[in-house]
Amino acid sequence: MHNTETDILIIGGGVTGCALAYGLSRKNHKIVVLDAPSPTNMASRTNVGLIWCQSKFLHLPNYAKWGFISSNLYPELTRELEDLTGEHIDVNYTGGLIPTLSGEDYDNRGAYIDKLREALGEYPGCMIDRTELEKKLPGIAWGPEVCGAAWCEADGLIDPLGLLKVLRLSLPKVDVTYRQTLAYDVQPQNDGGYRVTTKDGIYTAPRVVLAAGLANRRLVQFALPTLPVFPDKGQVLLVERMPFVMPIPVLGCTQTFAGTTIIGFKHERAGHHIEVDPASVATEGTWAMRVWPELGAKRLIRAWAALRVMPEDNMAIYSRLPGHPNVTLFNTHSAVTMAAAHVRLLPDFILGRELPEVARGMTLERFGIAC
């Protein structure tokens, strides 16, 4: 088996791993990304692609701030990636909407936004009534129950597979090596570096980045017996193409750039079970037809389920491993939303510096793990 030496070895070539590799490329290190071959592109294949900041994480205000920081960094990043690769990225920085189906829901969401605004010091969003909602998306005939929506100008939508494609295309242009191979384990070496055994050979590096989603639970075992993340099951419905009428994404019922509509918002703790539960997705479809009745007359193309990576407290994990300051761990269920922050603001952390101040509470220490 061949032995490849590098400065930084990143295990995981999804959106998070590629974003970190691209960001690190500016730091003049030799970088190799190892990505397990998969016909489904793992999480990116089942991701709606929302850049979503609104109405989230009141109980974790710094994580809420982190999302807004990433959203603000996104336009510059996508322009840069397009210029570098010559590829267009489908993306809308047009804000986002959460429709409400009752006065009670409208009032509750408004109260939550008020509390977020107080906790964050500012909040670029508000509640809007049905008249204003119809002005924002005039091509949609909203259901009679829709009384308004929560609106946030920091939200948007990006094609997740397009983002992943362009990130991967960018890597050779910035001298990052990308290889498809399955990493079996990580082992510390006597010289202070690390040895990673893969299906195709051995890789060694003084620094290792673990960005392999749920597989991180296996890869950390040289330092930790368990990792506080679990598979979070989501189920979605895909409706046939329609004329494009949703330049502003709607949470739970989002029209893609290709004109299809993805319906889904569930979070289920079901282990590694990824079979579609018809009764479960039916509730989402019923909700979507109350919001946008036209969907009820359209053809359902398919339904599928997939697993997200979810830390136990829902907040991202950015951490060094105990006893291994040169191994950094990244687990977040918001890989698309946080991608711009990962590119711009986390490479220095991988190289031994502190996390950005707003992210310093996101290490394993919050779970009682010394690192």
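The values are calculated or read from the model by the stated rules, or taken from the named source; none is laboratory data. Everything quoted here is computed from the prediction, not taken from an experiment. Cβ coordinates were reconstructed from backbone atoms using ideal geometry, including for glycine residues, and neighbour counts include every protein chain displayed.
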Subject >> Failed item in (1) at positive phi; (2) in contact with a Ser or Thr (Cβ under 6 Å, 6 or more places away or on another chain), with Gly86 passing the rest >> reply: (2)
Original post:
Among the residues of the range 137-152, is there at least one that is exposed (fewer than 14 other Cβ atoms within 10 Å of the Cβ) and in the same structural domain as Val33 (by TED's automatic domain parsing)?
Top reply: no
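Residue-by-condition table, conditions (1) of a type in the set (Gly, Ala, Ser); (2) modelled with pLDDT under 95:
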| residue | (1), (2) |
| --- | --- |
| Leu171 | no, no |
| Asp200 | no, yes |
| Ala205 | yes, no |
| Val208 | no, no |
| Gly213 | yes, yes |
| Gly234 | yes, yes |
| Gln255 | no, no |
Original post:
Does Ile128 count as within 26 Å of Gln235 (Cα to Cα), among the β-branched types (Val, Ile, Thr) and either exposed (fewer than 14 other Cβ atoms within 10 Å of the Cβ) or not assigned by TED's automatic domain parsing to the domain that holds Trp304 (or both)?
Top reply: no
Original post:
Is there a residue being among the aliphatic types (A, V, I, L, M), in contact with a Lys or Arg (Cβ under 6 Å, 6 or more places away or on another chain) and within 22 Å of Tyr63 (Cα to Cα) anywhere in the range 347-355?
Top reply: no
Original post:
Within the group Pro228, Pro243, Pro188, Pro247, which residue is closer than 18 Å to Ile10 by Cβ, surrounded by fewer than 19 Cβ atoms within 10 Å (Cβ to Cβ) and either in contact (Cβ under 8 Å) with a residue 40 or more places away in the chain or not acidic (Asp, Glu) (or both)?
Top reply: Pro188
**OP:** Please work out which one of (1) touching a Cys at 6+ places or on another chain (Cβ under 9 Å); (2) without any contact (Cβ under 8 Å) to a residue 24 or more places away in the chain is the condition Ala279 fails and give its number.
**Re:** (1)
Original post:
Pairs, please: C-beta under 9 Å, at least 6 apart or cross-chain, first residue in contact (Cβ under 8 Å) with a residue 24 or more places away in the chain and in the range 292-303, second polar (S, T, N, Q)?
Top reply: Trp292/Thr261; Leu295/Thr261; Lys298/Thr261; Ile301/Thr260; Ala303/Gln235
**OP:** Within the range 247-272, work out how many residues are closer than 18 Å to Leu300 by Cβ, assigned to a loop (DSSP other than H, G, I, E, B) and aliphatic (A, V, I, L, M).
**Re:** 1
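The rows are residues; the columns are (1) modelled with pLDDT under 95; (2) within 28 Å of Leu137 (Cα to Cα); (3) assigned to a helix (DSSP H, G or I); (4) in contact with a Lys or Arg (Cβ under 9 Å, 6 or more places away or on another chain).
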site	(1), (2), (3), (4)
Ile274	yes, no, no, yes
Thr283	yes, yes, yes, yes
Thr286	yes, yes, yes, no
Arg290	no, yes, yes, no
Leu307	yes, no, no, yes
Met315	yes, no, no, yes
Original post:
If Lys65 satisfies every condition in (1) crowded, with 22+ Cβ neighbours inside 10 Å; (2) under 30 Å from Trp287 (Cα atoms); (3) under 16 Å from the mean Cα position of the chain (by Cα) but one, which is the exception?
Top reply: (1)
**OP:** Filter the range 197-225 down to the residues that are touching a Ser or Thr at 6+ places or on another chain (Cβ under 6 Å) and of a type in the set (Gly, Ala, Ser), then identify the one that is surrounded by the most Cβ atoms within 10 Å (Cβ to Cβ).
**Re:** Ala211
Subject >> Meets criteria (at pLDDT 95 or above and more than 20 Å from Lys165 (Cβ to Cβ)) for Gly67 >> reply: yes
Subject >> Top-ranked residue of the range 336-360 - restricted to ones that are small (Gly, Ala, Ser) and surrounded by 15 or more Cβ atoms within 10 Å (Cβ to Cβ), ranked as nearest to Met315 (Cα to Cα) >> reply: Ala359
Original post:
Looking at Ala297, is it more than 27 Å from Tyr318 (Cα to Cα), surrounded by fewer than 14 Cβ atoms within 10 Å (Cβ to Cβ) and out of contact with any Phe, Trp or Tyr (no Cβ under 7 Å at 6 or more places or on another chain)?
Top reply: yes
**OP:** Please list, ordered by first then second residue, the pairs with beta carbon atoms under 9 Å, 6 or more apart or interchain, first in the range 313-328 and among the charged types (D, E, K, R), second not in a loop (DSSP other than H, G, I, E, B).
**Re:** Asp313/Arg366; Asp313/Phe367; Arg320/Asn326; Arg320/Val327; Arg320/Thr328; Arg320/Leu329; Arg320/Phe349; Arg320/Leu364
Original post:
Given (1) farther than 28 Å from Ile98 by Cα; (2) at pLDDT below 95, where does Leu58 come up short, assuming only one miss?
Top reply: (1)
Original post:
Looking at this structure, is Ala305 buried (at least 16 other Cβ atoms within 10 Å of the Cβ), of a type in the set (A, V, I, L, M) and assigned by TED's automatic domain parsing to the domain that holds Leu167?
Top reply: no
